[in-house]
1. Name the residues in segment A:291-309 that are under 20 Å from A:P204 (Cα atoms) and open to solvent by less than 30 Å² (accessible area, probe 1.4 Å), would you?
2. Which residues, counting only those in segment B:14-30, are away from the ligand (no atom under 16 Å from the Cβ) and in a loop (DSSP other than H, G, I, E, B)?
3. Could you grab me the full set of residues in segment B:75-94 that are more than 7 Å from every other protein chain (Cβ to nearest Cβ) and open to solvent by 40 Å² or more (accessible area, probe 1.4 Å)?
4. Which number in (1) touching a Leu at 6+ places or on another chain (Cβ under 9 Å); (2) away from the ligand (no atom under 16 Å from the Cβ); (3) assigned by TED's automatic domain parsing to the domain that holds B:L129; (4) touching a residue at least 60 places away in the same chain (Cβ under 8 Å) marks the one condition that B:F79 misses?
5. Quick one: what pairs do we get from segment A:183-197, first residue farther than 21 Å from A:C214 by Cα, second surrounded by fewer than 17 Cβ atoms within 10 Å (Cβ to Cβ), C-beta under 7 Å, 6+ apart or different chains?
6. Which residues, taken from segment B:48-100, are closer than 30 Å to B:C35 by Cβ and either part of a loop (DSSP other than H, G, I, E, B) or at pLDDT below 95 (or both)?
7. Filter segment B:4-26 down to residues that are farther than 15 Å from B:T99 by Cα and either more than 9 Å from chain A (Cβ to nearest Cβ) or not hydroxyl-bearing (S, T, Y) (or both), then give me how many there are.
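The values are calculated or read from the model by the stated rules, or taken from the named source; none is laboratory data. These figures come from a predicted structure and were not determined experimentally. Using ideal geometry, Cβ is built from the backbone for each residue, glycine included, and neighbour counts are taken over all protein chains shown. What goes into the accessible areas is simple: the full protein's heavy atoms, side chains included, and nothing from ligands, DNA or RNA. Shrake-Rupley method; radii C 1.70, N 1.55, O 1.52, S 1.80 Å.
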Amino acid sequence: MSIKGKAAIIGFAEMAPQKGDGAKTPLGIISEVTREVISDAGLAKNDIDGLLTGWALGEYSVLWPSVVAEYLQLQPRYFSQIELGGASAAGMAWRAAAAIEAGMCNNVLCVVGDTRGTKATGMKPPAFPRLDSEFDAPYGLIAANPGYALIARRHMAEFGTKPEQMAKIAVDQRKNACKNPTALFGSKEITIDDVLNSRMIVDPLHLLEIVSPCTGGAAFIVTSAERAKSAPNRPVYLLGAGEAGGHCGITRARSLTTSLVKPAAESAFKMAGVSPKDMHFVQPYDCYTITVLVTLEDAGFCKKGEGGRFVEEHDLTYKGDLPCNTHGGQLSFGQPGLAGGMSHVIEGVRQLMGRGGERQVKDATIGYVNGNGGIMSEQCSLVLGVQ
Amino acid sequence: MADYKKPLPRPTVASVPFWEAAKRHELQIQQCGSCGAHIFYPREVCPECLSANLQWLKVSGKGTVYSYTIAEAPTHPTFMEDVPYVIAIVELAEGPHLTTNITGCKPHEVRVGMPVVAAFDDVTPEVTLVKFRPA
Ligand SMILES: [Zn+2]
């Protein structure tokens, strides 16, 4: 038994990312996208009987799923917090499908919202894990930037990957962002030289290869394949899912260059019965350029070590031969707090529903989405498709 | 020393021997008495076989740079004065990887695979950090 094709995403809502703290609390953002997603899915509030939510940097507390249920006055029969960092949204999608297939509930609201900081709530930001604080932080390995730089450096040393190859990912994604009216950085295309001449932050990663945190939120609704038939939008079926974990701090990863994307993607493609070459687009989590490069390798779009050449030789724009992060990716769209990789799942759904607007990938019927949390610590791959 | 502002380790019951050894300028890691695995960071059980039969082992402090990054912008505001500095993962001769800084050479002289040796840095009267320098 698998959940292949058993459930579908029938609606989505996404707040335009905003710079700075914004004027709303995370719960306020969650409320707004919830109102919009229920309408988009053609449902009523009382139809929502499942709730999966991420966590918010701007408002971090215990019992968060109940806080959200209370704030929205929902009465879920299935609810939980999915705390997989940037893999949370992808992790919600398959858990929602599994809960529906198990008969726990009918319509699952998957929702996140977050602010850039804690100004809107006056709360303290959450702490880093104790062991990272003890063995990494004293040496300056703090937050994500240096961790991904360590991955990039090792990839360069092992495989000869070049900075201009990593930069190409940011350049192509920016072209996509320029067709996305809600992207934070979508007003002007950039060149490889622009990326390489941007400020070096953590060598070898430049400013334009690093996400810009912002305020935002998004939601989608998962229902059974049967009920999806009567939805107003074209249902986007969950055809495959796979997940993998095993480290928190990057120093403890089994490999810096072969990531947990490999087992996650293998599981997702196996469940769906398809392979990378069947994909019409990819929406891989992109906190940094190197994240995309390693994800494409480990998901099987090219051989390990050949990611640099692969991104050079392929057009990653929405018009290209491998459309990649057609919303601009977080690099150009923005990374709403810890909004859990929602933008990648939603862009995949948007494309498959045919709602991509100017950046619509022509005739897209199947695509790959990957969520990545921590420092390549949490991976969740999805294969989504329409009939 | 009293004005040391950067993050300091807060030793736990599991890690006190490691930090006490560092104060003596010794590098000690754990070894599993059941399966022989070398273990870092310090734990209460072996992460390979889950045995609680762990011993402390003094090691040479020799290793190689597994990867590194040069922080051209501070990774935390308290590191401002150190820029540029090298954050590295060192692979010990015994196998375990640890997070560290490379000192004793210019940041741009660091290479992946470079042999290094432990260089103890008494950052406060109570705390010694285990950094590495070219061997
Ligand atoms: Zn053992």
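1. A:T291, A:V292, A:L293, A:V294, A:T295, A:L296, A:E297, A:G305, A:G307, A:G308
2. Hits for segment B:14-30 are B:S15, B:R24, B:H25, B:E26.
3. Passing the criteria: B:P77, B:T78, B:M80, B:E81, B:D82, B:V83, B:P84, B:E91, B:A93, B:E94.
4. It fails just one condition, (1).
5. Pairs found: A:I192/A:E164; A:L196/A:E164.
6. Listed by number, the residues that qualify are B:E48, B:C49, B:L50, B:S51, B:A52, B:N53, B:S60, B:G61, B:A93, B:E94, B:G95, B:P96.
7. 15
Residue-wise test of (1) within 14 Å of chain B (Cβ to nearest Cβ); (2) in contact (Cβ under 8 Å) with a residue 40 or more places away in the chain; (3) within 30 Å of A:D47 (Cα to Cα).
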residue: A:G91; (1), (2), (3): no, yes, yes
residue: A:V111; (1), (2), (3): no, yes, yes
residue: A:L131; (1), (2), (3): yes, yes, no
residue: A:I142; (1), (2), (3): yes, no, no
residue: A:N145; (1), (2), (3): yes, yes, no
residue: A:Y148; (1), (2), (3): yes, yes, no
residue: A:K162; (1), (2), (3): no, yes, no
